[in-house]
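Worksheet for the structure shown next.
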Amino acid sequence: MIRHNLVSVMMPAFNAEAYIDLAIDSLIRQSYEDWELIVIDDGSADATPEIVRGYADPRIRMYGQRNGGEANARNTALHHLHGEYVAFLDADDIFLPDQFQVGRD
């Protein structure tokens, strides 16, 4: 079911332990709070899944799959999104605090 005004953020992750916490923290610090994060662990052999599981925020969900590449991980994420809007956040990127705010004239 699609939830209005919810921003669904998809994040493919493969061996991203060095940066994924920075990416997730940048999302948690958003001024707009109606979001969900779908992390697709694309067969990581490092601590990526453990780092994601360390977040107690119910808006964060992770699904694992065998390594299939970034496009495959994004396609998997599409099946788990509930938001009216979709945003892309790679595991080695960060959002600015007002990423989802719309300016007013």
Matching entry among 91, 71 (being in a loop (DSSP other than H, G, I, E, B), modelled with pLDDT of 95 or more and in contact with a strand residue (DSSP E or B) (Cβ under 9 Å, 6 or more places away or on another chain)) | 91
Looking at 58, 97, which is the one that is closer than 21 Å to residue 2 by Cα and surrounded by fewer than 18 Cβ atoms within 10 Å (Cβ to Cβ)?
-> 58
Return yes or no: is residue 69 surrounded by 13 or more Cβ atoms within 10 Å (Cβ to Cβ) and at positive phi?
-> no
Would you be able to say whether some residue in segment 27-45 is crowded, with 18+ Cβ neighbours inside 10 Å, out of contact with any strand residue (DSSP E or B) (no Cβ under 8 Å at 6 or more places or on another chain), on the phi < 0 side of the Ramachandran plot and hydrophobic (A, V, I, L, M, F, W, C)?
-> no
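Each row is one residue, and each column tells you yes or no for (1) assigned to a strand (DSSP E or B); (2) under 16 Å from residue 100 (Cα atoms); (3) touching a residue at least 12 places away in the same chain (Cβ under 8 Å).
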residue: 1; (1), (2), (3): no, no, yes
residue: 5; (1), (2), (3): yes, yes, yes
residue: 9; (1), (2), (3): yes, yes, yes
residue: 15; (1), (2), (3): no, no, yes
residue: 23; (1), (2), (3): no, yes, yes
residue: 26; (1), (2), (3): no, yes, yes
residue: 31; (1), (2), (3): no, yes, yes
residue: 39; (1), (2), (3): yes, no, yes
residue: 55; (1), (2), (3): no, no, yes
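The values are calculated or read from the model by the stated rules, or taken from the named source; none is laboratory data. This is a predicted model, so every value here is computed, not measured. Every residue, glycine as well, gets a Cβ built from its backbone with ideal geometry; the counts of neighbours run over all protein chains shown.
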